[in-house]
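One structure is given here, and the rest of the page talks about it.
Derivation of every value follows stated rules applied to the coordinates shown; laboratory data play no part. Given the structure is predicted, the values throughout are model-derived calculations rather than measurements. Positions of Cβ are backbone-derived with ideal geometry, glycine not excepted, and every protein chain shown enters the neighbour counts.
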Amino acid sequence: MTSPPNKTKSCLKLVLVLGGIGTTVLAIAIGAAVWQEKQREKHETEKEATSNAFARFVGAKEPPAGAKDDARARYRRGHALVINTETGQPDEMFYKLPADLRAANGDDVGTEVWVHWIYQVLGKYNNGGLMVKSDCDVTVYDVSRNAIVAREHFAGEDPPLNITIPRGSKEGWEKLPTDQVTKFLQNLPAR
């Protein structure tokens, strides 16, 4: 039996290498999808547990009607619970707060923080994805005093004019100013 020409050997090696790379990429993609699904399930479980732990706070979409307006006081008391004004549920940002700022349960809440997200669609990318600018209005409420103790508006970043998106994806761009809000809450004097 004669050995195949060098071109054929090179092609066979290339096919084997590419096949190995393709298998590795596929394995990574499957692993990432499984990890994302586990993270989603974990987050849903955490969300349900949070709603139960903070049951007396869940459902309110703003401070009580009779709350004193002392927004110039600018402080926070104890640990915080962040509520989304649209849903009346703990906002996603609550789960990202540092442990020393985040309330562990309903008895631990000294400050309620209502976040109102404002989304502005500024355009579309070539792939059809949306250019979104997200701002946030924050109201800080002292539970023990029944008082609004701070208000602040945070402007999100303007989306870039061009983004690199995987082919076939309809993804756009949106960046919430959560870091700014977290820093604001951390910098409020604690009482």
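Points worth noting:
- Over region 122-164, the reciprocal of the mean inverse Cα-Cα separation, the Kirkwood hydrodynamic radius, stands at 13.0 Å.
- Its Kirkwood hydrodynamic radius, worked out from the mean inverse distance over all distinct Cα pairs, puts region 68-187 at 15.6 Å.
- Each listed q (0.14, 0.18, 0.19, 0.23 Å⁻¹) maps to a log10 I(q)/I(0) for region 74-127 from the Debye sum over equal C-alpha point scatterers, namely -0.45, -0.62, -0.67, -0.87.
- Most positive-pole-ward Cα, Ala73, Ala147, Val132, against dipole of region 68-187 from beta carbon charges: Val132
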